[in-house]
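The values are calculated or read from the model by the stated rules, or taken from the named source; none is laboratory data. Every value quoted in this text rests on a predicted model; they were computed, and no experiment measured them. Neighbour counts run over all protein chains shown; Cβ positions are idealised from the backbone, glycine included. We work out accessible area using only protein heavy atoms, side chains counted, and drop any ligands, DNA or RNA first. Shrake-Rupley method; radii C 1.70, N 1.55, O 1.52, S 1.80 Å.
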Amino acid sequence: MGQGTNVETEALRRYADAAEDAAERVRRVRRRTSGLSLSDGVFGQLPEANDLRAGYLEQMEQSGDDLMSSAEALGTVAEAMRSSADNCDTNEDDTARGFGGRA
């Protein structure tokens, strides 16, 4: 016979809070970096400088998109942890009631 499981739902909720905090930090970084701009000539005056600047701006945009994807993923993790905790608590309450106990 199995031993069963003991899920610490408050630990799941603390993890969800930490994931949400991390997501917000990532969003703040994205907001700060999205406001940065590069002036013409920042990479020099040679003809290749414009290509270098364009490449840098492309990488900066892609990095910003990656940051937002990371924030969204962390938000999804937070939601999933809270949902798991809620489901575990509900299951525990339903099981207790099924055996004549109180939730």
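What does the accessible area per residue of the stretch 1-62 come to in Å², with a 1.4 Å probe and no ligands, DNA or RNA counted? Intermediate results must be reported in sequence, preceding the final value.
Details: 5070 Å² over 62 residues.
Dividing the accessible area of the stretch 1-62 by its residue count gives 82 Å².
For the stretch 17-31, the Karplus equation 6.51 cos²θ - 1.76 cosθ + 1.60, evaluated at θ = phi - 60°, returns couplings of 4, 5, 5, 5, 4, 5, 4, 5, 4, 5, 4, 5, 4, 4, 4 Hz by residue, with Gly and Pro reported as x.
In terms of the ratio Rg/(2.2 N^0.38 Å) built on C-alpha atoms, what value belongs to the chain? Don't skip to the answer; put the middle values down first.
Working: Rg = 23.8 Å, N = 103, 2.2 N^0.38 = 12.8 Å.
This ratio for the chain stands at 1.86.
Among the chymotrypsin sites (Phe, Trp or Tyr not before Pro) within the stretch 29-99, those in coil by DSSP and having at most 12 neighbouring Cβ atoms inside 10 Å are Phe99.
Okay, helix-only estimate at 222 nm for the chain: each DSSP H run of n ≥ 4 adds -39500 (n - 2.57), divide by all residues, round to 500 deg cm²/dmol; what do you get? Before the final figure, lay out the partial values.
Details: 2 runs with 78 residues, N = 103.
Result for the chain, helices only: -28000 deg cm²/dmol.
The share of accessible area on the chain that comes from carbon and sulfur is 50 percent, using a 1.4 angstrom probe.
Please find, in a Gaussian network model of the chain (springs between Cα atoms separated by less than 10 Å), the residue of Ala54, Ala23, Ala78 whose mean-square fluctuation is greatest. Evaluated over the chain, the most mobile residue of the options is Ala54.
Based on C-alpha pairs under 8 angstrom that are at least 6 apart in sequence, the stretch 1-101 has a relative contact order of 50 percent.
Exactly which trypsin sites (Lys or Arg not before Pro) in the stretch 15-103 are in a DSSP loop and have at most 12 other Cβ atoms within 10 Å?
Details: sites: Arg25, Arg27, Arg28, Arg30, Arg31, Arg32, Arg53, Arg82, Arg97, Arg102; in loops: Arg102.
Filter output for the stretch 15-103: Arg102.
Of Glu20, Glu72, Glu61, the residue with the greatest mean-square motion in the GNM of the chain, using alpha carbon springs below 10 Å, is Glu61. For the stretch 37-81, the mean projected area of the C-alpha convex hull, equal to one quarter of the hull surface, is 3.2 nm².
Extending 7 Å from the Cα toward the beta-carbon at both Thr76 and Asp89 defines two label points whose distance is 2.5 nm.
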